[in-house]
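Below is one structure, written out as structure tokens; comments come after it.
Values quoted throughout were computed directly from the atomic coordinates according to the rules given, and no laboratory measurement underlies them. Just so you know, these numbers come straight off a predicted model, no measurement behind them. Neighbour counts run over all protein chains shown; Cβ positions are idealised from the backbone, glycine included.
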Amino acid sequence: MADQHAPSPVDAPPSMVPALRWDEPPEGPVLVLLDQTRLPVEEVELVCTDVPALVGAIRTLAVRGAPLLGIAGAYGVALAAARGFDVDDAAQSLAGARPTAVNLGYGVRRALEAYRRALDASGDLASAAAGALAEARRLHREDAEGSAAMGAAGLALLDELLPGGNHRILTHCNTGALVSGGDGTAFAVALAAHRAGRLRRLWVDETRPLLQGARLTAYEAARNGMAYTLLTDSAAGSLFAAGEVDAVLIGADRIAADGSVANKVGSYPLAVLARYHHVPFVVVAPTTTIDPDTADGASIEVEQRPGQEVTEVMAPQTAGAEVGGALPVAPLGTQAYNPAFDITPPELVTALVTEHGALSPVTGSGIADLCARSRPATIG
């Protein structure tokens, strides 16, 4: 069950509402999400009192982004345990909410394992619920720490690849604090460059059809006082041709064992453009995004989104009012091809930046080494 807190105007507080937080009001524990479907017009918190509400929020993209989905999945298991619901059923439902995002299942597994360990040790459901919550909070802290490490490692890599600073970075989709327990992944690198005085321009793809770049990355860039410019996805080629891009930074939703990268659809064309124009193409993601059980890019399940996201656009949100409905932009009955992600092969990736530093070139053996160091959780 979910309800919404009153909206706060975007231009009111200087600091952003947290993308996700655990709360314990008198009525019982809840997971509170910043509803990203309402940004940038207004900041509205969505309160989830059970796992079906959280699954719905994940599927509608009210909460999104690979690292944050892992955190949400862990807190979802803790929520089910604290509320006395069937934890195994909740874990299964959460893990399948979005098939491409490997972090979601990772977070669910970690909290579920902690729940089972505590239950086996004590036989007490309350202790088991506390164990799941502690593990979710631990994952949340780890992600924030990893985000800071990725920001620093990514900036060091940029300075090595592009001596002199004044970086002009092109990014796709949204990879900032809205997808993370910290400053994000790829956006964290751009933000680190900005804070160091070495970011000349952040080029922000709109990221169609749901405009995560226009709605969310531009929102975060403005909040941080960064120099940024928005462009349509189809304008990226002309930007490369004009020599206006020094590096491309993207995140990832799943990285296969061979280094193939699944990210928001539109990423692969940027990799091709970057290779042709001799521009570094850098993927920034925590090691939890690596899936050693997925052999290669062809083995990655790509989520197919509803066709209405392409054939219709939502009317703008206004403060205090509900969404005004969908506006058709194609003839009735038009079929739409709407994959949520595309796959970039490792040979087009200049470097992979994780919390353990930069990997370049991106190879299967290098990926295996990262996996060995990260010790991913598994269900026993």
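Once the piece of chain linking Glu244 and Glu160 is laid out straight, how much longer is it, given 0.36 nm per residue of separation minus the C-alpha distance between them?
Length difference between fully extended and current span is 28.4 nm.
For the stretch 190-287, give me the percentage of DSSP beta bridges that are antiparallel, rounded to the nearest 5 percent.
20 percent
Name the shape class, rounded, prolate or oblate, that the alpha-carbon gyration tensor gives for the stretch 199-332, where a ≥ b ≥ c are the square roots of its eigenvalues, rounded holds for a/c under 1.5, and otherwise prolate holds if a/b is larger than b/c and oblate otherwise.
oblate
Tell me, in nm to one decimal, what length is gained between Ala148 and Leu332 on full extension, where the rule is 0.36 nm per residue of separation less the Cα-Cα distance?
Working it through step by step, the gained length comes to 61.5 nm.
So what does log10 I(q)/I(0) come out to for the stretch 2-143 at q = 0.09, 0.10, 0.16, 0.20 Å⁻¹, using the Debye formula with one equal point on every Cα and no solvent?
Taking Cα atoms of the stretch 2-143 as identical point scatterers yields -0.25, -0.31, -0.76, -1.14.
Sticking with the crude label model, points 7 Å out along Cα→Cβ, report the distance from Arg21 to Arg59 in nm, one decimal please.
The modelled label-to-label distance comes out at 2.9 nm.
What order do you get for 23-33, 104-114 when each peptide is scored by the mean count of other beta carbon atoms within 10 Å, highest first?
104-114, 23-33
Would you compute, for the Cα atoms of the stretch 147-275, the largest minus smallest coordinate along each principal axis and list the three values in descending order, in whole Å?
Cα extents, longest axis first: 34, 32, 30 Å.
Using θ = phi - 60° and the Karplus form 6.51 cos²θ - 1.76 cosθ + 1.60, what ³J(HN,Hα) does each residue of the stretch 192-202 get, whole Hz, x for Gly and Pro?
These are the phi-based 3J(HN,Hα) values: 4, 5, 4, 5, 8, x, 10, 9, 7, 7, 9 Hz.
Through the Karplus equation 6.51 cos²θ - 1.76 cosθ + 1.60, θ set to phi - 60°, convert the phi angles of the stretch 84-93 into ³J(HN,Hα) values in whole Hz; use x for Gly and Pro.
Residue by residue, the stretch 84-93 yields x, 8, 5, 5, 5, 5, 4, 5, 5, 5 Hz.
Which percentage, to the nearest 5, of the DSSP beta bridges contained in the stretch 149-374 is antiparallel?
40 percent
Charges at C-beta only: +1 for Lys and Arg, -1 for Asp and Glu. How large is the resulting dipole of the chain about its Cα centre, in Debye rounded to 20?
For the chain, the charge dipole is close to 660 debye.
Have a look at Ala132, Ala81, Val204 and report the one farthest towards the positive end of the charge dipole of the chain, computed about the Cα centre with Cβ charges (Lys/Arg +1, Asp/Glu -1).
Val204
Please report, to two decimal places, log10 I(q)/I(0) for the stretch 149-374 at q = 0.15, 0.16 Å⁻¹ as given by the Debye formula with identical point scatterers on the Cα atoms and no solvent.
Debye intensities relative to I(0), on a log10 scale: -0.98, -1.10.
Give me the percent of DSSP beta bridges within the chain that run antiparallel, rounded to the nearest 5.
Approximately 60 percent, going by the DSSP bridge assignments.
In whole Å, what is the distance between the alpha-carbon centres of the stretch 259-296 and the stretch 325-375?
Taking the Cα centre of the stretch 325-375 as reference, the centre of the stretch 259-296 is 4 Å away.
Less than 16 Å from a label point 7 Å out along the Cα-to-Cβ axis of His356: which backbone N atoms in the stretch 221-263 qualify, by residue?
Under cut-off, by backbone N: 255-260.
Using the Cα centre as the reference, give the magnitude of the dipole from point charges on the C-beta atoms of the stretch 193-311 (Lys, Arg: +1; Asp, Glu: -1; all else neutral), rounded to the nearest 20 debye.
640 debye
Name the residue from Gly251, Val265, Tyr219 whose Cα lies farthest towards the positive end of the charge dipole of the stretch 191-303, charges +1 on Cβ of Lys and Arg and -1 on Cβ of Asp and Glu.
It is Tyr219.
Could you work out how far the C-alpha centroid of the stretch 217-231 sits from that of the stretch 49-65, in angstrom?
About 26 Å separates the Cα centre of the stretch 217-231 from the one of the stretch 49-65.
So what are the ³J(HN,Hα) numbers for the stretch 204-210, from phi and the Karplus equation (6.51, -1.76, 1.60; θ = phi - 60°), rounded to whole Hz, Gly and Pro as x?
With coefficients 6.51, -1.76 and 1.60, one gets 10, 5, 4, 6, 7, x, 9 Hz.
What nm value, rounded to one decimal, do you get for the distance between Arg195 and Ala222 when each label is placed 7 Å out toward the C-beta?
It works out to 2.3 nm between the two label points.
Between Ser122 and Ala368, what is 0.36 nm times their sequence separation minus the Cα-Cα distance? Round to one decimal in nm.
Between Ser122 and Ala368, full extension yields an extra 84.9 nm.
What relative contact order, as a whole-number percentage, does the chain give when Cα pairs under 8 Å and 6 or more residues apart are counted?
About 15 percent, as a whole number.
How big is the chain along each principal axis, measuring the range of its Cα positions in Å and listing the largest first?
Largest to smallest, the principal-axis extents are 63, 50, 43 Å.
Build a GNM of the chain with springs between Cα atoms under 10 Å: which of Ala78, Ala235, Ala340 gets the top mean-square fluctuation?
Comparing Ala78, Ala235, Ala340 in a Gaussian network model of the chain, the most mobile one is Ala235.
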